[in-house]
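Report on one structure; see the data block that follows.
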Amino acid sequence: MSIVRVLTGITTSGTPHLGNYVGAIRPAIAASRAAGVESFYFLADYHALIKVDEPARIQRSTLEIAASWIACGLDPERVTFYRQSDVPEIPELTWFLTCVCGKGLLNRAHAYKASVDKNKAAGADEDADVTAGLFMYPVLMAADILMFNAHRVPVGRDQIQHIEMARDMAASFNHLYGEHFVLPEAQIEESVATLPGLDGRKMSKSYDNTIPLFAPREQLKKLIAGIKTDSRAPGEPKDTEGSALFQIYQAFATPAETAQLRQAYADGIAWAEAKTILFERIDHEVAPMRAAYESLIHHPERLEELLKAGAAKAQKIATPFTTKVRHAVGLRDLRAQAGDKKDKAAKAALPSFKQYREADGRFYFKLVDAQGQLLLQSEGFASPKEAGQTVKRLQDLAEPLASVLQEIPVKQLVTTQVLESALQQLLAARD
Ligand code: TRP
């Protein structure tokens, strides 16, 4: 099975709340346990600087988010969990992408455009209070994703455009410098609920209607008591439709429990009682994780160590990959110049194999040169495995193969047998 790489970032600008837990943390941790995926989760602290200019808040948020993910069961042995700013290759890649990214593409980014529109509406200068950081946000995000050649990026709908921009930048870079980047795709979790907040609107820091995921028990109880309800008295039937309380309950309860509360609504449960039920249900799920969270918050050195280990794991990929990318754009050791020319010429001359099946049901391969010129047409094989093995054998002999092919007049087709005997002769002559 081929491994799918999944990557997502969490901006370190606030305190995790129940909406983050239900919408991102819980599904991400569940997904990270699946077979055949390799997950990367990181704390996007460079991104946080675009929105937050209070250093203490950046630090506190980084601590709280790291502690939350670990307390909720993320296994740092299984996934790669790191802090963006511990991987200096990311800002380096940001610059390479900046140089292939059209300014017009960034002009069209929703977040930037929204700021400009707001300024226009207020009669201010278009770019008033717009930092270059906000403008460049999509490039930094593209670097996050492309650095690890992630296939899938689980994000909210508001982030889809950013993934599309990352694809654009990857394609531009690949076009100019060769195939270095996988084109990533956004992964939108349709089944995951958007949690309403205290006032019934989407739970979000910007509406100031959140319930912190790890609020102490008493505070959790108080906050839940403050969830907006209508004024129906005890004994009056209640609507589940549009009830924030009911929706939040549903995100934590089993279908059977949800059905029970639905019945209780119909039977006229008092709001105070419904709130107690909701509180107990959430606390039941959160309490064990809260204990782990509290312990981690009080041991920042454990989290620091864990993030440093995560960064080392990330850099096992990022460092050699960046070396390759630096070389691709021409940031090279000057002494290597002569050798590189030869490499490039050799590479350009290297033919490639294409495997396919014909109508006769047999499996073939052909060899075409860099210009698409047919060099070699195989005979038919009974199975793709046999054809593949022959290809493999010829590939292992890539270098003598290239010289044999140079001897073959263009357009003359040879069978694999002829070719193999020519290779044998060549190899024998060399020994
Ligand atoms: N922009 C994302 C958000 O606000 C956070 C983020 C930063 C991110 N880099 C990323 C998400 C890379 C996915 C992949 O939610």
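Quick look at the values:
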| quantity | calculated |
| --- | --- |
| Flag if Leu195 is more than 14 Å from the ligand (Cβ to nearest atom), open to solvent by less than 30 Å² (accessible area, probe 1.4 Å) and under 19 Å from Ser68 (Cβ atoms) | yes |
| Breaking point among (1) in the same structural domain as Ser61 (by TED's automatic domain parsing); (2) touching a residue at least 60 places away in the same chain (Cβ under 8 Å); (3) among the basic types (Lys, Arg), for Arg290 | (1) |
| Yes/no for Ala48 being under 23 Å from Ala132 (Cβ atoms), touching a strand residue (DSSP E or B) at 6+ places or on another chain (Cβ under 8 Å), small (Gly, Ala, Ser) and modelled with pLDDT of 95 or more | yes |
| Count of residues meeting criterion [of a type in the set (Gly, Ala, Ser), within 11 Å of the ligand (Cβ to nearest atom) and either within 20 Å of Lys324 (Cβ to Cβ) or without any contact (Cβ under 8 Å) to a residue 12 or more places away in the chain (or both)] in segment 125-166 | 4 |
| Residue in segment 302-354 that is most open to solvent (accessible area, probe 1.4 Å), counting only those that are under 30 Å from Leu375 (Cβ atoms) and modelled with pLDDT of 85 or more | Lys324 |
| Helices (runs of 4 or more DSSP H) wholly inside segment 82-173 containing at least 3 residues that are open to solvent by less than 30 Å² (accessible area, probe 1.4 Å) and closer than 25 Å to Phe40 by Cβ | 89-98, 132-147 |
| Subset of segment 372-422 [modelled with pLDDT of 70 or more and in a loop (DSSP other than H, G, I, E, B)] | Gly372, Gln373, Ser378, Glu379, Gly380, Ala382, Ser383, Leu397, Thr415 |
| Segment 1-45: number of residues that are in a strand (DSSP E or B) and in contact (Cβ under 8 Å) with a residue 60 or more places away in the chain | 11 |
| Any chance Asp53 is in the same structural domain as Ala150 (by TED's automatic domain parsing) and more than 16 Å from the ligand (Cβ to nearest atom) | yes |
| Residue list for segment 278-301, restricted to those being open to solvent by less than 60 Å² (accessible area, probe 1.4 Å) and hydrophobic (A, V, I, L, M, F, W, C) | Leu278, Phe279, Ile282, Val286, Ala287, Met289, Ala292, Leu296, Ile297 |
| Residue in segment 57-76 that is within 15 Å of the ligand (Cβ to nearest atom), in the same structural domain as Lys316 (by TED's automatic domain parsing), more than 19 Å from Val192 (Cβ to Cβ) and surrounded by fewer than 17 Cβ atoms within 10 Å (Cβ to Cβ) present | no |
| Set Gly14, Gly19, Gly104: member being small (Gly, Ala, Ser) and touching a Pro at 6+ places or on another chain (Cβ under 9 Å) | Gly19 |
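Residues are listed down the side, and each one gets a yes or a no for (1) open to solvent by 30 Å² or more (accessible area, probe 1.4 Å); (2) more than 22 Å from Asn209 (Cα to Cα):
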site: Thr8; (1), (2): no, yes
site: Gly23; (1), (2): yes, no
site: Phe42; (1), (2): no, yes
site: Ile50; (1), (2): yes, yes
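The values are calculated or read from the model by the stated rules, or taken from the named source; none is laboratory data. The shown structure was predicted, so the numbers you read here are calculated from the model rather than taken from an experiment. Cβ: placed from backbone, ideal geometry, glycine included. Neighbour counts: every protein chain shown. Please note that ligands, DNA and RNA were not included when accessible areas were found on the heavy atoms of the full protein model with its side chains. Shrake-Rupley method; radii C 1.70, N 1.55, O 1.52, S 1.80 Å.
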